[in-house]
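**Q** I have a structure here, written as structure tokens, and I will follow up with some questions on it.
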Amino acid sequence: VTYEGTNQVKDTKINRLVHDYELFTMLENENISSMYARFNDIINALKGLGKVYTNHELVKEAKDLSTLPLEDLLGSLMTHELWMSDQERNDPKKKTIALK
């Protein structure tokens, strides 16, 4: 009770974190690693309060939701971020949106 609080406090914390999870977006000028760390903080706090999401729910933007681990999604995003950075450095006027 001292750590988690009463059931009402716990439910309020879970609701707040679920709200953060559901509306999670990458912040302007944030890199993939920072975004992933923020996302993991939310997921870990939810796990600590007993609310666990499946891998399928965590990577709902991926092509094969049932098999892609969250870490692989992170790797793909980081690779894409580096590729975008290289593209912008080579041609700052040209901004490519396409994902590989």
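The values are calculated or read from the model by the stated rules, or taken from the named source; none is laboratory data. What you see is a predicted model; the values in this text were computed from it and never measured. Every residue, glycine among them, receives a Cβ derived from its backbone with ideal geometry; neighbour counts consider all protein chains shown. Surface accessibility is based on the protein's heavy atoms, side chains included, excluding ligands, DNA and RNA. Shrake-Rupley method; radii C 1.70, N 1.55, O 1.52, S 1.80 Å.
**Q** Would you say Thr12 is surrounded by 11 or more Cβ atoms within 10 Å (Cβ to Cβ), modelled with pLDDT of 80 or more and of a type in the set (Ser, Thr, Tyr)? Outline the logic, then answer.
**A** Values: surrounded by 11 or more Cβ atoms within 10 Å (Cβ to Cβ): yes; modelled with pLDDT of 80 or more: yes; of a type in the set (Ser, Thr, Tyr): yes.
Spelling it out, Thr12 is indeed surrounded by 11 or more Cβ atoms within 10 Å (Cβ to Cβ), modelled with pLDDT of 80 or more and of a type in the set (Ser, Thr, Tyr).
**Q** So, in the range 29-39, of the ones that are assigned to a helix (DSSP H, G or I) and open to solvent by 40 Å² or more (accessible area, probe 1.4 Å), which residue ends up nearest to Met84 (Cα to Cα)?
**A** Filtering the range 29-39 for residues assigned to a helix (DSSP H, G or I) gives 32-39.
Those left that are additionally open to solvent by 40 Å² or more (accessible area, probe 1.4 Å): 33-34, 36-38.
Numbers: Ser33: 15, Ser34: 17, Tyr36: 18, Ala37: 21, Arg38: 22 Å.
Across the range 29-39, the extreme among qualifying residues is Ser33.
**Q** Working carefully through the options Thr25, Thr79, find the one that is exposed (fewer than 10 other Cβ atoms within 10 Å of the Cβ), within 17 Å of the chain's Cα centre (by Cα) and at pLDDT 85 or above. Quick ask: steps written out before the conclusion?
**A** Values: Thr79 fails: exposed (fewer than 10 other Cβ atoms within 10 Å of the Cβ).
Answer to the selection: Thr25.
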